[in-house]
Each structure stands twice: as structure tokens, then as C-alpha cells.
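No lab work stands behind these numbers, since they all come straight from the coordinates. Source: prediction; values computed, not measured. As a convention, Cβ positions derive from the backbone with ideal geometry for all residues, glycine included, and neighbour counts pool all protein chains shown.
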Amino acid sequence: MRVLAIDTVTEMCSVALSVDGETIDRQDKAINRHSSIVLGMVEGLLEEAGVSLSQLDLIVNDVGPGSFTGIRIGMGVSQGLAYGADLPLLGVDALSVLAQGVPIENSKNILAAIDARMGQLYWAEFARPQGSPDLSGVLHLSDPDKINVTAQSIYGTGSGWDAYANLLQDRLNVSGYASDCFPLAIHALECAGRIPQSDWVVAGELMPLYLRNDVAKVSTKSPLNK
């Protein structure tokens, strides 16, 4: 399998390419520069791997939640590449990608949280009894003081923790949290590996996941929790 992943939904712009089990990736904390660098990052990966776009089997795109502009940039690039090369697409959600990036030794229960601005967080709880994290419930958008989790102890990841660590630690039993963590394309690839091929879509069917009512209709289903 040859799979390209693109993630532009937060401050971090990242791309990753898996070719027959070998993975390479690039990432750049490129605030407000995603649109000017992401295609060059993709081209660089393809050149490094010695494959062409038409030789890929799938493009994976993080569809949010996150920055409205970032989501649109990633989707536009992914859909454009897919249209041009007649490739299928697969959307993964940013909170599952975040949770996937937590080292397994850190925690069996994860609270992934992205700073949604306006005093709110995008967040979701994940349980990891063995290998990959599984979504517990649905994806949420709420004030940080409205977060409730089912696990007795939780490990945190994502920009929401950088913004509200003290408040969250006061309210929850926190075993620890990782600073300066973002959804990355290399972890989007890992999430995609858990989703059946029947969920692949054509370019025009890929949908964004915003969560915020004043941006688009709310959706709370993770692609990994169907």
C-alpha cells in the first residue's frame, strides 16, 4: 500500500507517506503559512520516496475539528490531488489522531483536547486497554469547566492542555499531560490503518468536521467510531 496523509487543522502543518510499510514524514509549525508550504512538502515526500502521485492507493486527510481555515486548506489540497490522480480519500478526525500519538506507556486513558478559541475546547476521551486508543462516547465542543470523563485517571494531550492545564488538573484526576502536541499526519496514517476500505470515498464526498454551530452543522461521529 502507498498512502499519503495530510494534516493542517492546527498550527502544525504535516504530511506523511507510507510506501509498503516504510514511512517518512515532514512537519512544520507554520502558523498562517500552511497554504504556501503544504504542496511543497507533499512533492518533497513523493520525490524522496521515488513514487508519483498516480502510484498512490489512498490519500488520508484530517478533517477536523480544528482551525476552520486549516481544515479547508487540507481538504482543498487533498481533494485537488485526489481529483487529479483519480484517487480515493479517507477522512480521520483530529482528536483520534492526537490520541494515536500518545506513547502507549503513558496511559490507558487519554483526554485529547484542542484549543477551540472563544474560551472553549474540542475534546474527546479515549480508552486504550491494549494497543490503539478507542473513542469513548463522541467528540465534544464545550467550555473547559464542562468537561466530564468516565476514567478515574486521565492523561492529556493537545493544545487545549497548553491553554487550560491548571483548570483541567483542578477538575480531573490527571496522571500527566504532554505539552506542545498537535495532530500529525504520521499518526493519521496509523488511524487510517484501522478503518476499512469500505469507508474510502471519492473526492467530492469528503466532508469537514467542524463541531461549532456558527461554522457548520454539528457532527459528533468520529470516523473511527462508526
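The length gained by stretching the chain between ASP86 and ASN148 to full extension, at 0.36 nm per residue less their Cα-Cα distance, is 18.0 nm. With unit charges on the beta carbon (Lys/Arg positive, Asp/Glu negative), name the residue among LEU90, MET41, LEU211 whose Cα is farthest towards the positive pole of the charge dipole of the chain. Going by the Cα projections, it comes out as LEU211. Each other residue within a Cβ distance under 13 Å of VAL77 adds +1 if Lys or Arg and -1 if Asp or Glu, for a net charge of -2. The stretch between ASP199 and ASP180, if pulled fully straight at 0.36 nm per residue, gains 3.7 nm over its current Cα-Cα span. Within the listed set ASN109, ASN32, ASN213, the residue fluctuating most in the Gaussian network model of the chain (springs between alpha-carbon atoms under 10 angstrom) is ASN213. For the pair segment 191-206 and segment 74-144, the centres of their Cα atoms are 15 angstrom apart.
So if we plug the beta-carbon distance of ILE31 and ALA165 into 1/(1 + (r/R0)^6) with R0 = 22 Å, what FRET efficiency do we get, rounded to 0.05? With a Förster radius of 22 Å, E is 0.60. With neighbour counts taken as other beta-carbon atoms within 10 Å, the residues THR150, THR69, THR8 rank, fewest first, as THR150, THR69, THR8.
Between helix 68-85 and the chain there is an angle of about 30 degrees, using the helix long axis and the longest principal axis of the Cα atoms.
Explain nothing, just the number: dipole magnitude of the chain about its Cα centre with +1 on each Lys and Arg Cβ and -1 on each Asp and Glu Cβ, in debye rounded to the nearest 20.
The calculated dipole for the chain is roughly 580 debye.
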